[in-house]
């Protein structure tokens, strides 16, 4: 009975789809556009059977720091236990400072799935 409740709790948690595009990324073309990231992430979430999707989008924000409104909102939701998984196109969408990204990933997430990155919250 306890296991069943835990599964229901996980099903009710948010699947965070995080998108970021800075002005500097603009030269990389349509493949990194916010619209394209949203489509790719939604398709992958559907393939993985992830429900309760919520988008976190920082359009026009640099990846060199983490002072981004929706990144902060997502971090808060993770800390409050509202998020069960985070899906991102690649680690550079989380940030360009790879040491900090790895540190955040180790602190907040317990696993990754290759391809589009699925990060399960700790």
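Structural remarks
- Available extension along the chain between residue 48 and residue 11 is 12.0 nm, counting 0.36 nm per residue and deducting the alpha carbon span.
- Between residue 36 and residue 62, residue separation times 0.36 nm minus the direct Cα-Cα distance comes to 7.5 nm.
Every number here is computed from the coordinates shown, using simple stated rules; none is lab data. From a predicted model like this one, the values you see are computed outputs, not experimental measurements.
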